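Shown next, in structure tokens, is the structure this report addresses.
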Amino acid sequence: MTLRHDFRSRPPEQVRVVVFGATGYIGRFVVKELVQRGYQVVAFSRERSGVGGRDNHEQVSASLAGAEVRIGDVTDPQSLAAEAFDQPTDVVVSCLASRSGGRRDSWAIDHEATLNTYREGRKAGVAHYVLLSAICVQKPQLEFQKAKLAFEAALKDDAEMTHSIVRPTAFFKSLAGQVEICRKGGPYVMFDGGTLASCKPISEADLARFMADCIHDQTKINQVLPIGGPGQALSAREQGEMLFRALGRKPFLLSVPIGLMDAPIALIEGLGQLFPGLQDKAEFGRIGRYYASESMLVWDDDAQRYDADATPSYGEDTLEQFFERVVRDGMAGQELGDAALF
């Protein structure tokens, strides 16, 4: 089928956009933003979605008001053809992410399933693909990063379909894991003084707006787009101090040597050679260490360092406002979903 490159000359209400990962942490906000902008939005969902598969079709439809919810399986090309791409389509927005970050799950979802949405979408005439990737793929050491990069390469190799590859820094809610502990009097735990890693956190709503911009903004076509939130980059220590300001208490910070993570990871990796079932546990340990020691900022390969100034800022929501809100209102409704690390 001929790709529908004329979609940018049509008003949003005449542009069909299929969103994958629509019920996930970011996907929900992307669907809401696209509906508000007037696009014809198809939200693709599993039979049971949400944290632990708690939501059925009716609940998903109610939560994604204004979108047409389709039920299917992203790992099955026939399901995608029948449910997502049963009519000509203009744009795909993929917010798919592996639920665990484990080796098999990463390649099954971040690569193979996402590749399915690209191939079947192309058959339906999709002319533009907006991919939610991650800024950490710049230094790929983990399986989910390698899987994401493999799919990015497939998009870039297509000379006819355009793309926007969005690589956000840390999400607000991924930095909120210690809010309840600190609220109850516990310490904010950080590694090696809390200065190893920094980020420019971005809210889910601001990220959704940026991704929606990618559909019609000519400057975002065929681009890799690292993106952070407003303001300066924040170290883990600065995030902890900010949280205690929101709590109205003196900072209670506990620094732990990051080297303490190495021996357990090495042990599990060794055991994984004998017991393959442990390999994912070793991968989870590597993921934790990576996020504790690597900044979520643009990597300057020439200078061999992360560059906060080169990391674009977008939006208006700040992490401080987020901390003040969850301290006031609690964490209800703040669930990251099954893919809690990403």
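Any read-out appearing in this document is the output of simple, stated calculations on the displayed coordinates, not a laboratory observation. In this text the structure is predicted, and so the values were computed from the model without any measurement. In this analysis, Cβ positions are derived from the backbone assuming ideal geometry, glycine residues included, and neighbour counts consider all displayed protein chains.
Annotation: amide H-H contacts under 5 Å for residue 256 (H modelled 1.01 Å from N, sequence separation of 5 or more, or interchain): 190, 191, 192, 193.
Legend: distances between Cα atoms for 139/220; 32/184; 139/250; pairs beyond 29 Å are 32/184; 139/250.
Of interest is the spacing of the C-alpha centroids, which for the range 80-111 and the range 246-310 amounts to 27 Å. When Rg and Dmax are taken over the Cα atoms of the range 1-145, they come to 14.8, 42 Å. Entry for the range 233-276 at q = 0.17, 0.29 Å⁻¹: log10 I(q)/I(0) = -0.63, -0.97, Debye formula applied to identical alpha-carbon scatterers, no solvent contribution.
Each of 2, 89 has some number of other Cβ atoms within 10 Å of its Cβ, and from fewest to most they run 2, 89. Computed over the Cα atoms of the range 182-293, pair by distinct pair, the Kirkwood hydrodynamic radius stands at 17.2 angstrom. Label separation (residue 75 vs residue 275): 2.4 nm, computed from points 7 Å beyond Cα along the C-beta direction. Descending by average beta-carbon neighbour count within 10 Å, the peptides 235-242, 6-13 line up as 235-242, 6-13, the highest first. A simple rule links phi to the HN-Hα coupling: the Karplus curve 6.51 cos²θ - 1.76 cosθ + 1.60 with θ = phi - 60°, which for the range 275-286 gives 10, x, x, 8, 4, 5, 4, 5, 5, 4, x, 5 Hz, with x for Gly and Pro.
Rounded to the nearest 10 degrees, the inclination of helix 114-123 to the longest alpha-carbon principal axis of the chain is 20 degrees. A full extension of the chain between residue 87 and residue 112 corresponds to an added length of 6.7 nm, given 0.36 nm per residue minus the alpha carbon distance. Measure nothing but the geometry: give the 0 to 90° angle between the long axis through the Cα atoms of 319-329 and the longest principal axis through the Cα atoms of the chain, rounded to 10°. That helix lies at roughly 80 degrees to the long axis. In this label model, residue 141 and residue 6 are separated by 5.1 nm, measuring between points 7 Å along each Cα→Cβ vector. Here the chain is treated as a Stokes sphere of Kirkwood radius computed over C-alpha pairs; at 37 °C and 0.692 mPa s its diffusion coefficient rounds to 157 µm²/s. Percent of alpha carbon pairs in the range 97-159 separated by more than 19 Å? Tail of the P(r) past 19 Å holds 28 percent of the pairs. Panel order for 216, 5, 128, by other beta carbons found within 10 Å of each beta carbon, from fewest to most: 5, 216, 128.
Relative to the longest principal axis of the C-alpha atoms of the chain, give the angle of the C-alpha long axis of helix 143-157, reported between 0 and 90° and rounded to the nearest 10°. On a 0 to 90 degree scale, this one is about 30. Here the peptides 324-330, 291-297, 38-44 are ranked by packing, the mean other Cβ count within 10 Å, and the order with the highest first is 38-44, 291-297, 324-330. The convex hull of the Cα atoms of the range 1-48, projected and averaged over all directions, covers 4.1 nm².
Using C-alpha pairs below 8 Å separated by at least 6 residues, the relative contact order for the range 185-311 is 37 percent.
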